[in-house]
Amino acid sequence: MTWPQPPASTETLATPAPCREYWFALPATPASARAARTTVRDRLGVWQMPEDTSDDAILLVSELATNAVLHTDSERLLCYLTLTVDGQCLRIEVHDGGRAPLRPPAPQPDPDQEGGRGLILVRELAERWGTARSTRAEGNVVWAELTPTPNHRRPAPYAAPNSTAPQQGVLLLPRPTQRRQP
C-alpha cells in the first residue's frame with residue numbers, strides 16, 4: 001500500500017492559501033486515537049479555529065480513528081484535514097486499509113453495551129458525515145464536516161424525562177431500566 005507523504009515543511013501550511021490541507025499517517029493501534037487528537041488540536045491551533053469547532057473536531061477524529069482501529073484490519077490510518085478557502089467548511093477524513101465492505105452502523109446500541117455510540121456522536125456533532133471507498137488507501141474513508149463558527153453546536157435531540165434541559169451540544173441517552181443478570 002502506498003501512503004501519501006506529509007509535506008516536507010509545515011511552514012507553508014501556516015501561510016494564507018486558497019485551501020488549507022493537512023495529511024498525517026498513524027499506525028492502527030489504540031494509541032493512535034490520542035495521537036490523532038493531539039495532531040488535530042495542534043493543526044487547528046495553527047489555523048486559529050474557534051475553540052468550539054476545535055473541540056468538536058478533536059472528538060470527531062478520535063471517534064473515527066478509534067473505529068478504524070477497532071473495526072478494520074488496517075495496519076495504518078491516513079488522516080486528512082481541510083479548510084475551505086472561505087473558512088466555512090472543516091472536513092475531517094480517516095482512511096483505513098481494511099478490506100471489509102462498508103456496512104451501515106447499528107441503529108441503536110444495546111443500553112448495556114459499553115461501546116457502540118461513536119457514530120451517534122459523529123452524527124450529532126457533524127453538519128454532514130459519510131463513508132466511501134478510499135481513493136487514497138486500499139480500504140474505506142469515513143468523513144465528517146463542521147462549520148467553523150463560534151458556538152456552532154446544535155441542541156441535543158433528546159432530554160431525559162423529568163430532567164432539566166441539557167446543555168447545548170450534550171447528547172443524553174436513556175439509561176437502562178433494569179440490568180441483565182448474567
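Since every read-out is calculated from the coordinates, none of them should be taken as a lab result. Bear in mind that the values here come from a model prediction, so they are computed numbers and not experimental data. Cβ placement follows ideal geometry from the backbone for every residue including glycine, while neighbour counts extend to all protein chains displayed.
Between E75 and T131, how high is the FRET efficiency from 1/(1 + (r/R0)^6) when r is the Cβ-Cβ distance and R₀ = 22 Å? Nearest 0.05. Efficiency, from the Cβ-Cβ distance: 0.65.
Extension gain for D55-E21 works out to 10.4 nm (0.36 nm per residue, less the C-alpha to C-alpha distance). Summing charges over neighbours of R91, with a neighbour being any other residue whose Cβ is under 14 Å away from its Cβ, gives -2 when K and R count +1 and D and E count -1. For R76, the residues whose modelled amide H falls within less than 5 Å of its own, excluding neighbours fewer than 5 places apart on the same chain, are A28, G97. Close amide H contacts of R20 (hydrogens built in the peptide plane, cut-off under 5 Å, sequence separation of 5 or more or a different chain): L83.
Label-to-label distance, V46 versus D86, with points set 7 angstrom from Cα along the beta-carbon direction: 2.6 nm. Backbone geometry of the range 26-32 corresponds, through the Karplus equation with coefficients 6.51, -1.76 and 1.60 at θ = phi - 60°, to 3J(HN,Hα) couplings of 9, x, 7, 10, x, 5, 5 Hz, x marking Gly and Pro.
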